[in-house]
There are 4 protein chains.
Amino acid sequence: MSSMISGRIGVSIFGESHGPAIGVVIDNLPSGESIDMDKLCEFMGRRAPKKDKTSTQRREKDIPSIMSGFFNGKTTGTPLCAVIQNTDRHSSDYGNIATLARPGHADYTGVVRYRGFNDIRGGGHFSGRLTAPLCFAGAVCGQILERRGIYTGAHILKIHGVRDVSIDSVNVSRDDVIAMRQKSFPTISDKAGEKMINEIEAARLNLDSVGGIVECVTVNLPAGIGSPMFDGLENTIAQLVFGIPAVKGIEFGAGFEVSDMYGSEDNDEFYVDEKGHVKTRTNNHGGILGGISSGMPITLRVAFKPTSSISRPQHTINYSNMTNDTITIKGRHDPCVVPRAVPCVEAAVNIALLSHMLDYPNF
Amino acid sequence: MSSMISGRIGVSIFGESHGPAIGVVIDNLPSGESIDMDKLCEFMGRRAPKKDKTSTQRREKDIPSIMSGFFNGKTTGTPLCAVIQNTDRHSSDYGNIATLARPGHADYTGVVRYRGFNDIRGGGHFSGRLTAPLCFAGAVCGQILERRGIYTGAHILKIHGVRDVSIDSVNVSRDDVIAMRQKSFPTISDKAGEKMINEIEAARLNLDSVGGIVECVTVNLPAGIGSPMFDGLENTIAQLVFGIPAVKGIEFGAGFEVSDMYGSEDNDEFYVDEKGHVKTRTNNHGGILGGISSGMPITLRVAFKPTSSISRPQHTINYSNMTNDTITIKGRHDPCVVPRAVPCVEAAVNIALLSHMLDYPNF
Amino acid sequence: MSSMISGRIGVSIFGESHGPAIGVVIDNLPSGESIDMDKLCEFMGRRAPKKDKTSTQRREKDIPSIMSGFFNGKTTGTPLCAVIQNTDRHSSDYGNIATLARPGHADYTGVVRYRGFNDIRGGGHFSGRLTAPLCFAGAVCGQILERRGIYTGAHILKIHGVRDVSIDSVNVSRDDVIAMRQKSFPTISDKAGEKMINEIEAARLNLDSVGGIVECVTVNLPAGIGSPMFDGLENTIAQLVFGIPAVKGIEFGAGFEVSDMYGSEDNDEFYVDEKGHVKTRTNNHGGILGGISSGMPITLRVAFKPTSSISRPQHTINYSNMTNDTITIKGRHDPCVVPRAVPCVEAAVNIALLSHMLDYPNF
Amino acid sequence: MSSMISGRIGVSIFGESHGPAIGVVIDNLPSGESIDMDKLCEFMGRRAPKKDKTSTQRREKDIPSIMSGFFNGKTTGTPLCAVIQNTDRHSSDYGNIATLARPGHADYTGVVRYRGFNDIRGGGHFSGRLTAPLCFAGAVCGQILERRGIYTGAHILKIHGVRDVSIDSVNVSRDDVIAMRQKSFPTISDKAGEKMINEIEAARLNLDSVGGIVECVTVNLPAGIGSPMFDGLENTIAQLVFGIPAVKGIEFGAGFEVSDMYGSEDNDEFYVDEKGHVKTRTNNHGGILGGISSGMPITLRVAFKPTSSISRPQHTINYSNMTNDTITIKGRHDPCVVPRAVPCVEAAVNIALLSHMLDYPNF
């Protein structure tokens, strides 16, 4: 199944960038969970194109219509479907490049995979626009988790070499998480944020784009959630996160830095605090050991490549006649996807964690 | 399912470090595939403890007995089960630390998850020993892929700061892959390998351990394999790779380095070569676009943390009475898991790719 | 997953009887398959309420809007979503019986399962109306199968003791299948059909309802499709067929009659015909041996209970205060679901067979 | 996956009739559940060949060795694997008929499916012998359910036209279930049992075989277990039951008899009894409405065809050269599989119900 994932929570995402609508079905949600639609739209609004220069000029209202699974303000427990109409379609922007493979995009691989029958307009099903239904699902799951005290939030750790301060993976609080999510340009250091905005703007003016890293944290997940081997928290989160376009890597806790560490540095020593809670003094394990939560904050970082659509001429192929050619991409696109990717990462994590939480006794 | 993964190829791994046996069931293998048992044992031998100082002194013969699914030297198409007896068990090594949570291990999280009923001797089901059946499955899948010309191999890219040269992700050949696998200490640069061995030995003498990075490549995978969203090549590979203990991160192609790049650098321009094949001049995309293979080599890197078992005293908790305590781990353990992790990464990739290849027309 | 099934073809059905819309997402369809919308609506029209007395007076236009996965008249290979608006809702019909459990319905079990939060209007997600998206999915799969020569059709074998002639499970042809489907009241014997209509009308006038049996056949399925144990054709078909409300049993080939037979009668002897095709002279095995198709027609029968909604007073409970009470169901309902169930059975079979056919070499 | 099923409980069955061993991996069992090995062997013993004339003369000790997932007498929560050695193999019995398709068996379909590479000796993976690991898994699940008061038992309802009395689906008690299971020839009426034994013996003397029906009941399953559509109790039970060789049909509650009934007869009226429990006065729904348990006993019937192996000459094909031929099957085989199928049906039901029960709050 390409766009259907079925753990304890099932998520089925459908739609193409320039088709009539996109949407999602969420199966096996717990019943009786209220959904605050304002908070949900706020979550999705963080993914929507910004009204400033860092983002595409395409205007997407992206107001989801709930078709099922929601009654009297609460989840019914039966499949919840939300549909988002595609209202602002400019297919003609793409017509002239229909058979030129845009470098960095899935145009060529999609055409081979689907033997030329997929809808390539605007990337079709591969479009970043499909993260809107992912965010819808993630926002719903997030509200259910927050009702149990479990909060997930992310910030921009890096854009084109400019680095924000990292989350304090030991002491981060629920309030820190909420604060991070409320910023219009979500960095911990505003100064780093300003520099990043400048990097993005410079790339845009230069008809180029830049990549970056999103760092995400979850607080208050109880210990004992997850499983070893193929159904651990990392496995499920990674499977979902790689469903977001442009992701090139994921790491948990100390991540790739462990390759420079000694065991005596990396090992997080356990202790029992004065309230009788088990904790670790450092959190290089990112809150997960053997696929199972330790009770410490879950931390992870996700690498996003620079937007593939750039307005410079690029060499490529015309796959209608297999010749070498040159492409100049017009149309609307973000010079950097990272700011809008922040809630997408949160969404993927929320879905993964709620799915595992359903196994938790007394959930 | 913790230890069962069911794509097109199903893999079910069972066993504990100190139980009677460990093993694996592989379901839905294509029928009529011969398995070269010498090559298979050679593959598994690369994972077995080395006879030098870089590795645990535990002797595991690890000769798998095939119980089913294999007849007249070929796969039958029905489930193939292999069992490996646990012959060299020294449970007493672990007796005295039975209720002290070893830092970096899944002792504490496993006890919470399984309410104290899991077999904790030697890590139980969380033990690195469970990678033996994973390697068995990966070796079988690998032989089937190689019969179609698809070769996967990995090397040690880094150990504790010492870096090997990277795989040439554009020009790497089948022979390069085979050569990489034949080395007893698999680095591309022998000099880098020597330095790494010194790092490991220094750590061992210092009662410490070191982490590192494995880099893996697959050549000759045809274009068009995989799917968008949740069932792409990255999703499946990541889900399997995080099934290997001690993995903290995975990246494809340029990976986390994309966060420092411009789109104009990162985008891989397509061209048609003189034979009419579609290629890219660079391979920052790691052979995967939109979850689907492009025909270029698949490249990925996996971060492994330092061995958690170190012989120094460490602070920790005694979870039988929830008190703070100190642990000194005795017993046999590797000062660095990375050399033995190399075939494990190959195994995970082989399973993921064969699973996706079964959808390929005329496979 | 309650309403999501993920084999090689994924199907995710959503909606409630009186919500805004119902629909379905079909994942992993082969790309490049044209869909004849007239034929599709004709298929769905056979499930729609009849304009005669055998059926509910509720008017459902049930025109599906395709939201995705369909481009230039062909499947794209990415998820195909169809939505059907609920236009003719009379919720007030159900208001007064909101907390009385209708006997034979899932009102009580649904309320326990979903802790009272499910949408009970008109049966909610348990409504027979949800077979409309099932039929949509089945019609799409059926057209893809028919392009390969594989035809599935069903007829009413029995209604309240009146029995139609059985399908000739050895000699049934493609034309027989098509003829069966074209009848407005699908029986092989028109005389039997008339008697059945009389039974239904008699029940209706008596404020009662009647049950029956649907018999289904598939011709030209090649030998070798399916798998042993849990993923055989019977397993998959049964899992889907029990997704249709009111089904109480399923049997293949000779079915329950095998309990009266000798092996020497039941065994179907193989022979090679003059064209070199392997056949059996009888077809008690219903075209399936060991979960795998034999090349003979697939035959099965499905039992449907009488419509649970009857207009007579019935004893029941009020689950709001757990007291005994009496219910008299008003509103629109069929005195017999069997005629409308005929295409639903075909749909379930089509989905199951296409799912298995995707494993077929050169499909 | 042919022989791997992954709901909340995962079951992976492997082995061939004449290979080294058969077995099963059970994944995601709850931890801390004790297993009474005597009761387990007793359960499996009911499936083993009887020492009388109704059964094959093959002696199978079938003592399962537990390889993992079981520690200090309790389940660990990690995968439980059991292996049964094949000790009493007489492959030569089958050698001479190796390329003649035995009518009623999966020889021909298996050879097409697996392109001639499957192990056909004794039916290979299609052998009834593979129900031994199924029974192992079912026995383990059954003990876990019984600890919660949920008991499942079955009896022979019919053999070749001779009918036992049916289970009282309204008043059946836990003690009735246990009594049924303790009989060596499990019928409710001993007289009916004697007649059945005579039918089997007559068939045997006549070199023939007979089929029958197994009826199964589960008591004390709480209301609210299961889900609508594709993941209801019927769907899951049916998917598992069709994994038992020779099954041709399954029905729940009144089953196929509903085709002769009025809604006013079939509907089971609810009432609240003096203890405040919700019940129905009749149980035509078999304890399941909308895929979800009602709290009434779960009842189902499964049809088994006559043993396909009969010692009479039968026409068939030689698939090595596609010619018509004649086969006379020698070797050991039961003239009726129904008595040994009784615990197999219980096993399938136990696995299905435990799988669904894991979703139950406070399980």
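We did not get these values from a lab; they are worked out from the coordinates using the rules stated. Note that the structure is predicted; figures quoted are calculated from it, not measured. Cβ: placed from backbone, ideal geometry, glycine included. Neighbour counts: every protein chain shown.
Working note: Cα gyration tensor of segment D:151-265, eigenvalues times five, square-rooted, sorted largest first, giving semi-axes of 27, 18, 15 Å. When the Cα gyration tensor is reduced to axis lengths a ≥ b ≥ c, the ratio a/c is 1.5 or higher for segment D:255-322, and with a/b above b/c it is classed as prolate. The mean sequence distance of close C-alpha pairs (under 8 Å, at least 6 residues apart), as a share of the length of segment D:313-363, puts its relative contact order at 20 percent. Here the relative contact order of segment A:166-323, from alpha carbon pairs under 8 Å that lie six or more residues apart, stands at 34 percent. Taking C:Arg121, C:Arg147, C:Arg204 in turn, the Gaussian network model of chain C (Cα-Cα springs below 10 Å) assigns the largest fluctuation to C:Arg147. Entry note, chain A: relative contact order of 22 percent, from Cα contacts under 8 Å with a spacing of 6+ residues. Can you check what the net charge comes to around C:Ala139, using other residues whose Cβ is under 14 Å from the Cβ of C:Ala139 (Lys, Arg +1; Asp, Glu -1)? It works out to a net charge of -2.
Assuming a ≥ b ≥ c are the square roots of the Cα gyration tensor eigenvalues, decide whether segment D:233-276 counts as rounded (a/c under 1.5), prolate (otherwise, with a/b larger than b/c) or oblate. Oblate.
Considering segment A:94-357 at the alpha-carbon level, its Rg and Dmax are found to be 20.3, 71 Å. The mean count of C-beta atoms from other chains within 10 Å of the C-beta of residues in A:301-307, rounded to a whole number, is 6.
Taking chain A as a Gaussian network of alpha-carbon nodes connected by springs under 10 Å, the highest mean-square fluctuation of the residues A:Gly23, A:Gly104, A:Gly232 belongs to A:Gly104. Which residues among segment C:105-123 fall inside the zone where the amide N is under 17 Å from a point 7 Å beyond the Cα of D:Asn362, along Cα→Cβ? Answer for segment C:105-123: C:112-116.
When the C-alpha to C-alpha distance is required to be over 30 Å, the pairs from A:Lys50/C:Lys74; B:Lys74/D:Lys39; A:Lys39/A:Lys275; D:Lys191/D:Lys248 that qualify are A:Lys50/C:Lys74; B:Lys74/D:Lys39; A:Lys39/A:Lys275. In this structure, B:Glu42 and B:Asp168 have a Cβ-Cβ separation that, at R0 = 30 Å, corresponds to a calculated FRET efficiency of about 0.75.
Summary for C:Asp38: label point 7 Å along Cα→Cβ; distances to the equivalent points in the other copies, ascending, 5.4, 6.7, 7.5 nm.
In this structure, the amide hydrogen of D:Ala48, modeled 1.01 Å from its nitrogen in the peptide plane, lies closer than 5 angstrom to no residue at least 5 positions away or on a different chain. In a simple Cβ point-charge model (Lys, Arg +1; Asp, Glu -1; nothing else charged), segment A:242-343 has a dipole of about 760 debye relative to its Cα centre. Note on C:Arg147/D:Thr323: beta-carbon distance plugged into 1/(1 + (r/R0)^6) with R0 of 35 Å gives a FRET efficiency of 0.55. Taking the Cβ of A:Ile292 as the centre, find all other residues whose Cβ is under 12 Å away and add up their charges (Lys, Arg: +1; Asp, Glu: -1). Around A:Ile292, the charge tally is -3. In a reduced charge model with +1 at each Lys and Arg Cβ and -1 at each Asp and Glu Cβ, segment B:193-293 shows a dipole moment near 300 debye about its Cα centre. When the charge dipole of segment A:94-357 is built from unit charges on Cβ atoms (+1 for Lys and Arg, -1 for Asp and Glu) and taken about the Cα centre, the candidate among A:Ile150, A:Pro245, A:Val162 whose Cα reaches farthest toward its positive end is A:Pro245. For the protein assembly as shown, the Kirkwood estimate of hydrodynamic radius, built from reciprocal distances between every pair of different alpha carbons, is 32.5 Å. Among D:His315, D:His125, D:His333, the largest mean-square fluctuation in a Gaussian network model of chain D, built with springs joining Cα atoms closer than 10 Å, belongs to D:His315.
Placing a label point 7 Å from the Cα of A:Ser189 along the Cα-to-Cβ direction, the distances to the matching points in the other copies come to 3.2, 8.8, 8.8 nm, shortest first. Across segment A:64-76, computed HN-Hα scalar couplings (Karplus, 6.51 cos²θ - 1.76 cosθ + 1.60, θ = phi - 60°) run x, 9, 7, 9, 6, x, 9, 8, 6, x, 9, 5, 8 Hz from first to last residue, x flagging Gly and Pro.
Each helix, a run of at least 4 DSSP H residues, gives -39500 (n - 2.57); summed and divided by the residues of chain A, these come to -8000 deg cm²/dmol at 222 nm. Electrostatic tally near D:Asp273: other residues with Cβ closer than 12 Å to its Cβ, Lys and Arg +1, Asp and Glu -1, net +2.
Each other copy places its own label point for A:Thr99 at 5.2, 6.8, 7.5 nm from this one, sorted shortest first, where the point lies 7 Å along the Cα-to-beta carbon line.
For the rotational copy pair B/D, the chain B residue whose Cβ lies nearest the symmetry axis, together with its distance in Å, is B:Ser12, 2.
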